1. Take residue 37 and tell me if it is away from ligand 1 (no atom under 16 Å from the Cβ), in a strand (DSSP E or B) and more than 18 Å from residue 310 (Cβ to Cβ).
2. Quick check on the stretch 40-80: of everything there that is buried (at least 20 other Cβ atoms within 10 Å of the Cβ) and over 30 Å from residue 279 (Cβ atoms), which residue is nearest to ligand 2 (Cβ to nearest atom)?
3. From the residues in the stretch 81-102 that are part of a loop (DSSP other than H, G, I, E, B) and within 30 Å of residue 162 (Cα to Cα), which one is nearest to ligand 2 (Cβ to nearest atom)?
4. Can you tell me which residues in the stretch 63-91 are touching a helix residue (DSSP H, G or I) at 6+ places or on another chain (Cβ under 9 Å) and either within 16 Å of ligand 1 (Cβ to nearest atom) or without any contact (Cβ under 8 Å) to a residue 40 or more places away in the chain (or both)?
5. Does any residue in the stretch 35-48 that is at positive phi come within less than 9 Å, Cβ to Cβ, of a residue that is within 10 Å of ligand 2 (Cβ to nearest atom) and in a loop (DSSP other than H, G, I, E, B) six or more places away or on a different chain, and which pairs are these?
6. Which residues, counting only those in the stretch 178-200, are more than 16 Å from ligand 2 (Cβ to nearest atom), within 27 Å of residue 46 (Cβ to Cβ) and at pLDDT 90 or above?
7. Within the stretch 111-124, is even one residue modelled with pLDDT under 95 and outside any helix (DSSP H, G or I)?
8. Which members of the stretch 166-193 meet the condition of being buried (at least 17 other Cβ atoms within 10 Å of the Cβ) and in a helix (DSSP H, G or I)?
Ligand SMILES: Nc1ncnc2c1ncn2[C@@H]1O[C@H](COP(=O)(O)OP(=O)(O)O)[C@@H](O)[C@H]1O
Ligand SMILES: [Mg+2]
């Protein structure tokens, strides 16, 4: 793994969505980066901005909502924010593979599966006709699709949910991307298929040195595949660190609550589920101070006055970022400067 040089780096990303009469600050000053061969998981409750943060810079948010973005998203020497749509579509096709929750948001229902893959490889990886066809068949085979020569000629509606999910991953990999963005890629699948698909993504990632940004609300998935974790709360990063550190010694009150509210991911026995009381704040009216204050066990008056800075602390030998001055002070964490 190349530890120094990010292959995709988001800095101070702010994304406002305008729908009919209201505006929502869905992403509020997020920074993160990912390196070749690394898997970064993005976790957080539903509505915390995971999808907007990962699909927004790629220009893949649903139509019908007006999107205003600030900050930078650097890939391949260019900034995706503010890039013209043709250039963005070219960079996206060549550099990024995207796995959606719903396979049909990526696959064209009117085209056979194989030709869709081959077209992607011709258009973005510069393969000629026959090599593109051969690569498509071999990708389908690699993704565990039985009888790939036959499936090559099938339409999406002729395939089952699990097979479509695999075909979509094949499509995401067809142009040999450097960065794979996966938004809850296995949520709709049963546990066995889910594990197989994650293992496939991991294998291919290792072989090709692809960076993976994996959005998931499944802590078990994080534990099994992520190198690093970003915990998002109401559009802001609450905590970030290695998967090991975040899962075994979370420090942000929100992360602690999030982990306590899932069945114990380290054992088969289902621990008692404990929800974090309360709901995430409205992202329509932006209050100063910590977004988690109203639900936090450790809240102090100062928490409501200033936005907590994301500070680097020395939790273990690995970098760890935390947006909670109260925890830093109470637990005596050393700030890393
Ligand atoms: N199409 C949309 N129109 C209006 N608001 C949206 C739209 N998509 C997402 N949002 C808002 O943006 C915020 C972040 O949503 P999202 O990124 O989808 O969360 P997550 O993926 O973490 O569940 C939420 O407050 C949500 O209500
Ligand atoms: Mg989402």
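1. On the way: away from ligand 1 (no atom under 16 Å from the Cβ): yes; in a strand (DSSP E or B): no; more than 18 Å from residue 310 (Cβ to Cβ): yes.
Considered against the rule, which asks whether it is away from ligand 1 (no atom under 16 Å from the Cβ), in a strand (DSSP E or B) and more than 18 Å from residue 310 (Cβ to Cβ), residue 37 comes out as no.
2. Restricting to residues being buried (at least 20 other Cβ atoms within 10 Å of the Cβ) and over 30 Å from residue 279 (Cβ atoms), the top hit is 80.
3. Of the stretch 81-102, the ones part of a loop (DSSP other than H, G, I, E, B) are 81-84, 100-102.
In the following step, the residues that additionally are within 30 Å of residue 162 (Cα to Cα) were identified as 100-102.
Details: 100: 10, 101: 7, 102: 11 Å.
Only one residue fits best here, namely 101.
4. 67, 78, 80, 83, 90
5. Partner pairs satisfying both residue conditions: 44/217.
6. 179, 180
7. No.
8. Within the stretch 166-193, 166, 167, 168, 169, 170, 171, 172, 173, 193 qualify.
The values are calculated or read from the model by the stated rules, or taken from the named source; none is laboratory data. Keep in mind that this is a model prediction, so the values were computed, not measured. As a convention, Cβ positions derive from the backbone with ideal geometry for all residues, glycine included, and neighbour counts pool all protein chains shown.
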